[in-house]
Amino acid sequence: FADRAFGSALDQYLQAEKLLRPNQAREQVLLSIRLGKTYRRLPAPANGPNPNLTLAIDKLTTALSSNPGNLELATELGGAYLEAKQDAKATALTDRLIASAELPKAPPEQRAAILVIGGKSLFNQHKLKEARQRFEAAQQLRANDVSIQKYLVETINEQAFEAIKEPKAAQALLDQALAVDPQSTTTLTNIAVLAIDRGDCDGAQKQLLRLRGMRGSIAFETTRLLARTYLCSAHPDPKRAHPQ
């Protein structure tokens, strides 16, 4: 398993499972964890449902029922639920753990992992307010974690998109996203789009010029928006909008 030879690891674990005795309950739980992790990492078929993922969830669920306070196991099962698009189950699992007495005693990285799984499952169900709360709580535990920052910024941007018919509210949300990550190209692009929509093409132009060349920006999208600003600015410049 450590060498990522998951097929060979599975063969060994299945042989071990056949040798288990009825009185080896602890070993059965540990083996279920290992089997679940291994099934999760086996390659999925080119099309159709992934039977390995189904087997992983089955093994991890069985193990968790015997060891409900094991956060490593819960994190693995929550991740499997997300992969299987069983978001409601991931939410129920993480909500139970967040309300439990065990989670506050766990190391920050384990607590953050549970919160992130909860945030992702809520985001997938378009429960943006609740998802944001989970990501913000995770960020408080791991302030320098770039992936958590990314999830939080993405969620706030989605909130801003929902509020697009209320420009002031949408702008306020984008400003909040920018405070989390001033270099977020997604947020900067959305601020420019919002500026164009409200007729501030010159302001959008400044924003887009700042975006050009930034790592992570989409050159085609930035160029297209910039061309729009050249046409709708206070001093339109069609030649710059349609260069030869």
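The values are calculated or read from the model by the stated rules, or taken from the named source; none is laboratory data. Everything quoted here is computed from the prediction, not taken from an experiment. A quick note on method: Cβ atoms are made from the backbone with ideal geometry, for glycine too, and the neighbour counts reach across all protein chains shown. The accessibility values were calculated without ligands, DNA or RNA, using every heavy atom of the protein model including side chains. Shrake-Rupley method; radii C 1.70, N 1.55, O 1.52, S 1.80 Å.
Of all residues being under 30 Å from the mean Cα position of the chain (by Cα) and of a type in the set (Ser, Thr, Tyr) in the range 200-244, which is farthest from Gln183 (Cα to Cα)? Just the residue, please.
Only one residue fits best here, namely Thr223.
Restricting attention to the range 49-69, and to residues there that are over 17 Å from Leu82 (Cα atoms) and without any contact (Cβ under 8 Å) to a residue 40 or more places away in the chain, which single residue is least open to solvent (accessible area, probe 1.4 Å)? Before the answer, list the steps.
First pass over the range 49-69, keeping only residues over 17 Å from Leu82 (Cα atoms): 62-63, 65-69.
After this cut, where a residue has to be without any contact (Cβ under 8 Å) to a residue 40 or more places away in the chain as well, the list is 62-63, 65, 67-69.
Working: Thr62: 73, Ala63: 2, Ser65: 90, Asn67: 55, Pro68: 69, Gly69: 38 Å².
The selected residue is Ala63.
Among the numbered criteria (1) of a type in the set (A, V, I, L, M, F, W, C); (2) under 30 Å from Ile98 (Cα atoms); (3) assigned to a loop (DSSP other than H, G, I, E, B), which single criterion is violated by Ala234?
Failed condition: (2).
If you take the residues of the range 135-158 that are part of a helix (DSSP H, G or I), under 23 Å from Lys105 (Cα atoms) and not hydrophobic (A, V, I, L, M, F, W, C), which of them is most open to solvent (accessible area, probe 1.4 Å)?
Step by step, filter the range 135-158, then rank; the result is Gln140.
Name every residue in the range 1-20 that is farther than 22 Å from Ala44 by Cβ and either loosely packed, with under 13 Cβ neighbours inside 10 Å or in contact with a Gly (Cβ under 8 Å, 6 or more places away or on another chain) (or both), in order of residue number.
Gln15, Lys18, Leu19, Leu20
Go through the range 70-94 residue by residue and tally those that are surrounded by fewer than 22 Cβ atoms within 10 Å (Cβ to Cβ) and small (Gly, Ala, Ser).
So the answer is 4.
Among what's in the range 164-199 and is open to solvent by 20 Å² or more (accessible area, probe 1.4 Å) and closer than 19 Å to Phe123 by Cβ, pick the residue that is farthest from the chain's Cα centre (by Cα).
Ile164
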